[in-house]
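Please find one structure pasted underneath; my questions will follow.
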Amino acid sequence: MKKNKRILFLTASLLFSFFITTGFAAQDSIPGVKKIKDVLIYHDTAFYSSFPSVVKKPDGELLVAFRRAPNRMIFGESGNNHVDHNSYLVSVRSTDGENWTKNPELIYAHTLGGSQDPCMLQLKDGTLLCTSYGWQQVRESGVPNLRKPYFEAGGGYIFLGGYLVRSFDGGRSWQGPYYPPHIKPEIHYNAYGQKVPAYNRGALYEAKDGRILWIVAAFDSAKKSSNHLLTSKDKGLTWEYTGEVAKDTKVLFNEASVYETPKGDIIGFLRTANFDDQAVIARSKDGGKTFKWESMGFQGHPLNALRLPDNRVLLTYGYRHQPFGIRARILNAECTDFKTAPEMVLRTDGGNGDIGYTWPVQLDNSRVLVVYYFNKENGIRHIAGTIIEIK
């Protein structure tokens, strides 16, 4: 059980009492924000679907990417988990955010293992990047021969580390994989005996100076993880280590989204463990060389940020405590009011804590679609969304 919890935290879904008050009670709405409706994006009882991301292309079409794996229960197995050698990256499309294509298109199938958490970023020139990471199942006879230390997710699943693919035609075809560098804090080797390439789940960001920002994770010991900033000047082909984002002797940092404010501060919204499930913000005022982190004063993870037309920031996240669901806050342009910004409850009908991984996208000047994965009554996981209006 302890090993399984550690696996889920790394790959996508730690099940870690209630809402930590910030002076505002959680509410169904906040001034100027109205929930319009929930939408079903992809549901198939033959598949466990999870961990989506979304972009709006220049032609207005929406593209949602997610990880799809077989529903192991149809084979008589006892349940599903977040590690599967038949997990692939796929996508569906929509022109209005409500009606979606039925048959997913393949983004990438790892040639040797399963893939996780496709995280898309659309660059200003229309190029699409999609980061992911993988696992390879090694038979019992081979595990003792692997180069140590390695990260095993039980059942012989060995962590492979990160990669990314790129598209120049709106996600119709993808090039790659391209592998980011190993970063020094990471101690593990992959199933090939190579140092694990950089990895993480969360939103990347194209900064004003043209750099692509990516907060990655690292296990700097067998039980401690930290966050670090990588930057790319060539659209994700090569990456440079920029600096440490968050590290602590007790608190673990992992899944993270990165954002740049209008004044140029680089912000990390970080998921934690060993910290009462609190959300953390990390801020850099020197281009990402140094960061200072602090608790945001509430629970929720992972987090994702969207700049609204008036430069305010919509922050969305899953809520993995009863009542299970999806929540949001609207921060000021520089993201300094996170401890006082009221919380809006978008959904409370989740079947358990295996939900969330939100990703917001602007539909038009006033409407936003928040995409996430969900389950009701512990049923099959599926991709859903909520449309909200923000004035």
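For residue 102, give me every one of the aspartates and glutamates with a C-alpha distance below 19 angstrom, ignoring sequence neighbours fewer than eight places off in its own chain.
The qualifying aspartates and glutamates are 38, 44, 61.
May I ask you to derive the FRET efficiency for residue 274 and residue 241 from their Cβ-Cβ distance with R0 = 25 Å, giving the value to the nearest 0.05?
The computed FRET efficiency comes out at 0.50.
Could you line up 48, 42 from fewest to most neighbouring Cβ atoms inside 10 Å?
Least to most surrounded, the residues fall as 42, 48.
Between residue 44 and residue 75, what is the label-point separation in nm under the 7 Å Cα-to-beta-carbon projection?
Those two pseudo-labels are separated by 1.6 nm.
If neighbour count is taken as other Cβ atoms inside 10 Å, put 321, 82 in order from fewest to most.
Lowest count first: 321, 82.
Hey, another quick one. Dividing the alpha-carbon radius of gyration of the chain by 2.2 N^0.38 Å (N being the number of residues), what value is obtained?
0.91
Would you list the P(r) distribution for region 115-170, with all Cα-Cα distances sorted into 5 Å bins from 0 and each bin expressed as a whole %?
4, 17, 21, 14, 12, 10, 8, 7, 4, 1
Also, quick follow-up: Can you compute the helix-only [θ] at 222 nm over the chain? Use -39500 (n - 2.57) per DSSP H run of at least 4 residues, normalise by all residues, nearest 500 deg cm²/dmol.
That calculation yields -1000 deg cm²/dmol at 222 nm.
Moving on to the next point. Can you sort 330, 380 by how many other beta carbons sit within 10 Å, fewest first?
Exposure proxy ranking, most exposed first: 380, 330.
Moving on to the next point. Roughly speaking, what is the stretch gain from residue 175 to residue 124, that is 0.36 nm per residue apart minus the C-alpha to C-alpha distance, in nm to one decimal?
Taking residue 175 through residue 124 to full extension adds about 16.5 nm, to one decimal.
What is the distance in Å between the Cα centroid of region 128-151 and that of region 347-391?
Region 128-151 and region 347-391 have Cα centres spaced 31 Å from each other.
Let me ask something else about it. What is the Å³ per residue value for the convex hull set by the Cα atoms of region 32-113?
About 134 Å³ per residue, rounded to a whole number.
Identify all lysines with a Cα-Cα distance to residue 224 below 19 Å; exclude those on the same chain that are fewer than 8 residues away in sequence.
Candidates past the 8-residue exclusion: 2, 3, 5, 148, 184, 195, 247, 250, 292.
In nm, to one decimal, how far is the modelled label at residue 322 from the one at residue 145, with both set 7 Å along Cα→Cβ?
5.0
Please enumerate, by chain and number, the lysines with C-alpha under 21 Å from the C-alpha of residue 34, excluding those fewer than 8 residues away in the same chain.
Straight-distance partners of residue 34: 391.
From the convex hull of the Cα coordinates of region 136-198, what is the mean projected area in square nanometres?
5.3
To continue, here is another question. Given region 129-274 reduced to its alpha-carbon atoms as identical point scatterers, what log10 I(q)/I(0) does the Debye formula return at q = 0.11, 0.14, 0.20, 0.21 Å⁻¹?
-0.44, -0.70, -1.24, -1.32
No value in this document is a laboratory result; all are computed from the given coordinates. No experiment lies behind these values; they were computed from the predicted model shown. Note that each Cβ is placed from the backbone with ideal geometry, even for glycine, and that neighbours are counted across all protein chains shown.
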